[in-house]
Amino acid sequence: MPNYNGVWSLTTQLQYNTDWQADNVSLARVFAAGIGLFFGGASNSNVIDKVNISSAGNATDFGDLLTGTGGGGAVGSTTRGVVAGASTNEIQYVTFATAGNATDFGDQTVNRTLGNAGSNSTRGLFFAGVPSTFSNIVDYITIGTTGDATDFGDVTNASTSGAGFASTTRAIYAGGGAGGSNRYNNIDYFTIDTTGNATDFGNLSAGKENPNGCSSNTRGIFAGGYTGSVILDVIEYITIANTGDVTDFGDLTTSTSNMNGCTSNQTTAVMHRTGDSIETVTIASTGNASDFGDLTVSRSVRTCATGNLHGGIAA
């Protein structure tokens, strides 16, 4: 706490209150930081797993979803994680500080599977996926207020199985496919606090489906995926505030065509790939992934993940 030199006045009291609040907000963020939740997975699992992102190790059980999901999208604030289900329009939420089962949040505008998502601490966006056919629809919610989603705009390509993440101001959706040989390399971005269609950001190194991604406030990474002929171990990155193509980051521990949930504490990214394995990288550097630990249950179909200090939450 600052030294006020023994002189106390109304001005001093107001400054003390301001500094006390700032210090305690910082302390609260330190103690709250680093929770990552992985939702659902194979056979529309209802499992919710928890990891402490700052410390490598195996996941622990957090609770259960109301309805299982294998390929939804998840967003979060500092207090609440929200997941949009697969093959349903259902949205569910949990409170990070209290392990337990999910609660009903509301509904998406469409039934959706194999979409993805990104958020800041206030607003969450759910991208694309498959309702009855490949979709370009983007929905949004206000994370702190339960209720149904609202139409936000459209991604460039009607698609499924792309990657999503966000900074505090921009949401990113990249890659994905639309059946057959249709796999996309484009990266879209949205300004989260407005509504509207995607704007071109740049390109991935190849058209790919089933990559996954997460971010810090400044940098986003894309990991793995499938080009149609090659199963990838590639990790690439972008600087979210600057449009342009990806740069090579490093490699996963093994090639995987079906990356799963990915989240971060803004320093460390944790990524689930097919099975029960979780891999990790340090977002601000470049280099290859290393083993983090295992989920409680092996899952072969996409989980989705969020955390209480991901890239969309102010540092």
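The values are calculated or read from the model by the stated rules, or taken from the named source; none is laboratory data. Keep in mind it's a predicted model, so treat the numbers as computed, not measured. Reconstructed Cβ throughout: ideal geometry from the backbone, glycine too, with neighbour counts over all protein chains shown. Remember, those area values only see protein heavy atoms, side chains included, never the ligands or the DNA or RNA. Shrake-Rupley method; radii C 1.70, N 1.55, O 1.52, S 1.80 Å.
Based on Cα contacts under 8 Å between residues 6+ apart, the chain shows a relative contact order of 17 percent. Here the sum of -39500 (n - 2.57) over DSSP H runs of 4 or more residues, divided by the residues of the chain, equals -2500 deg cm²/dmol at 222 nm, to the nearest 500. Size descriptors for the chain (Cα atoms only): Rg and Dmax, in that order, 19.2, 74 Å. Each residue of region 149-161 was assigned a 3J(HN,Hα) from its phi angle through the Karplus curve 6.51 cos²θ - 1.76 cosθ + 1.60 (θ = phi - 60°); the sequence is 6, 10, 5, 9, x, 9, 6, 5, 10, 4, 7, 9, 6 Hz, with glycine and proline shown as x.
For THR303, the residues whose modelled amide H falls within less than 5 Å of its own, excluding neighbours fewer than 5 places apart on the same chain, are GLY261.
Under 15 Å from a label point set 7 Å out along the Cα-to-Cβ vector of ASP291, the amide N atoms of region 48-77 belong to 56-59. Protection proxy ranking of 170-177, 107-114, by the mean of other Cβ atoms within 10 Å over each peptide's residues and highest first, is 170-177, 107-114.
Taking amide H as placed 1.01 Å from N in the peptide plane, GLU90 has its amide H under 5 Å from the amide H of GLY85, GLN108, each at least 5 places away in sequence or on another chain.
Working note: Cα atoms of region 175-315, range along each principal axis, descending, whole Å: 40, 38, 26. Counting only protein heavy atoms and using a 1.4 Å probe, the accessible area of SER132 comes to about 120 Å². Note on region 273-315: semi-axes of the ellipsoid equivalent to its C-alpha gyration tensor, largest first and rounded to whole Å, are 22, 16, 8. Comparing THR296, THR194, THR274 in a Gaussian network model of the chain (Cα springs below 10 Å), the most mobile by mean-square fluctuation is THR194. Between the amide H of ASP148 and those of ASP107, distances stay under 5 Å, these residues lying 5 or more places away or on another chain, with hydrogens modeled in the peptide plane.
Helix 10-32 sits at what angle to the longest principal axis of the chain, using alpha carbons and giving 0 to 90 degrees rounded to 10? The answer is roughly 30 degrees. Surface exposure of the chain, expressed per residue as accessible area with a 1.4 Å probe, stands at 39 Å². Rounded to the nearest 20 debye, the dipole magnitude of the chain is 120 debye, with +1 charges on Lys and Arg beta carbons, -1 on Asp and Glu beta carbons, and the Cα centre as origin. Surface calculation, 1.4 Å probe, protein heavy atoms: CYS262 sits at approximately 10 Å² accessible.
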